[in-house]
Ligand code: GLN
């Protein structure tokens, strides 16, 4: 089929189902014209890039030139970036077309997509449930067939947790693998863009395109670009997989545990060696993350002052304008994070909270370094439960923060991690299993996932 037919297929599905799913913040009305142009060039026999004319979609904090980038926040209402982000540019160079921008928790702060100002995305498997977050729009769009694949971002699990809750595959690459130039910052030392796809092959193919060193991001690492599809042999014999007991602790439901244990047995049957390991500082990960992430966020979000981007409130003085813009522009969760972050960075508390958290981060990192001396990869549940009901955790932020318990340590370490489907709960909702790897070991994770799929 032609690019126009493929694009029309997704546009029709968006038209038909997105009213209910609410995944798209913005649909690109020029995409069909762009697809037709690709078909014409193909008909003329022009040489085209590998993925010419294939539509995809982006989480609404990844900058695509000339399309709105709202971060699902009122404060970015009307903001259209005048420049191109690196991930979007690399996809464009490979021939992909952008269908639109996908809903998310406001500024990627949340685990259910319910902090979004514009659209609270629903889980396509059961629309009374959340899709997870913060890349909930991306996960739901892939699961509902409203795009071929999507890019998300992961600061503390925001690719892996929604992938798990929507029954798709999501990869958080190693910190520094994908350029953050054009990724609107939440917590700069943790944020990373990654692919969210229906299959492992797709995931490996997309990361092969966007995983490239970029001079425009000082934290991008100068390592060679790889073709990750080359790793997909299915041969995993002799690989050592660690099972960290702390990741199976209380809060993980019996069915999630059972499902992940079945995946572990499947790896054993394929000839992997399963090793019991301990990562003793795991219990401090949630607290450490919520100090470091909020500290960085309070600084990053200082730039939204009503002057340079998006929304501006009417007021009589400059000071009132700043105040009103931020009061009206940010939602409750974002304000909570800014207050927490400002507090932990303030004089008198800085050493007690921020510096202490940085020290604990080093200990958590060391847990991973020690583990990877014994094993090649780590396996554990992605999320403690299946997708919960909309509204269930919104009044209790601590409960919401605990849904990240198995995902956030990896961001503090900086390695790579993938979530893939491994079964269903008694509620009919998907369950995900997580594979964690050392720095730049995405190829191994893809092969392990491929062997299981
Ligand atoms: N749910 C976590 C938070 O709210 C993680 C978010 C993310 O990875 N962007 O901070």
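The values are calculated or read from the model by the stated rules, or taken from the named source; none is laboratory data. Note that the coordinates shown come from a computational prediction; the quantities given were computed from them, not determined experimentally. Note that we place each Cβ from the backbone using ideal geometry, even for glycine, and neighbour counts take in every protein chain shown.
Numbers at a glance
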| item | result |
| --- | --- |
| Residue 112 being within 16 Å of the ligand (Cβ to nearest atom), closer than 19 Å to residue 27 by Cα and touching a residue at least 12 places away in the same chain (Cβ under 8 Å) | no |
| Residue in the stretch 405-424 that is at pLDDT below 95, at negative phi and within 16 Å of the ligand (Cβ to nearest atom) present | yes |
| Flag for residue 309 being buried (at least 18 other Cβ atoms within 10 Å of the Cβ), more than 22 Å from residue 419 (Cα to Cα) and at pLDDT below 95 | yes |
| Cβ pairs under 6 Å, 6+ apart, first in the stretch 7-25 and under 17 Å from residue 72 (Cα atoms), second part of a helix (DSSP H, G or I) | 21/140; 23/137; 23/140; 23/141; 24/18 |
| Counted residues, the stretch 235-252 - those being in a loop (DSSP other than H, G, I, E, B), at pLDDT 95 or above and within 19 Å of residue 421 (Cα to Cα) | 1 |
| Criterion (surrounded by fewer than 24 Cβ atoms within 10 Å (Cβ to Cβ) and under 21 Å from residue 364 (Cβ atoms)) met by exactly one of 156, 176 | 176 |
| Breaking point among (1) under 25 Å from residue 397 (Cβ atoms); (2) in a loop (DSSP other than H, G, I, E, B), for residue 296 | (2) |
| Any hit, the stretch 315-327, residues being under 23 Å from residue 114 (Cα atoms), buried (at least 18 other Cβ atoms within 10 Å of the Cβ) and in contact (Cβ under 8 Å) with a residue 24 or more places away in the chain | yes |
| Members of the stretch 373-389 found to be within 16 Å of the ligand (Cβ to nearest atom) and more than 17 Å from the chain's Cα centre (by Cα), listed by number | 384, 385, 388 |
| Residue 260, sole failed condition from (1) away from the ligand (no atom under 16 Å from the Cβ); (2) in contact with a helix residue (DSSP H, G or I) (Cβ under 6 Å, 6 or more places away or on another chain); (3) within 22 Å of residue 378 (Cα to Cα) | (2) |
| Among the candidates 52, 35, residue that is touching a helix residue (DSSP H, G or I) at 6+ places or on another chain (Cβ under 7 Å) and in contact (Cβ under 8 Å) with a residue 60 or more places away in the chain | 35 |
| Condition check for residue 205: surrounded by fewer than 19 Cβ atoms within 10 Å (Cβ to Cβ) and under 27 Å from residue 54 (Cα atoms) | no |
| Residue 269 touching a helix residue (DSSP H, G or I) at 6+ places or on another chain (Cβ under 8 Å) and over 21 Å from residue 416 (Cβ atoms) | no |
| Test for residue 224: is it at pLDDT 95 or above, in a loop (DSSP other than H, G, I, E, B) and within 16 Å of the ligand (Cβ to nearest atom) | no |
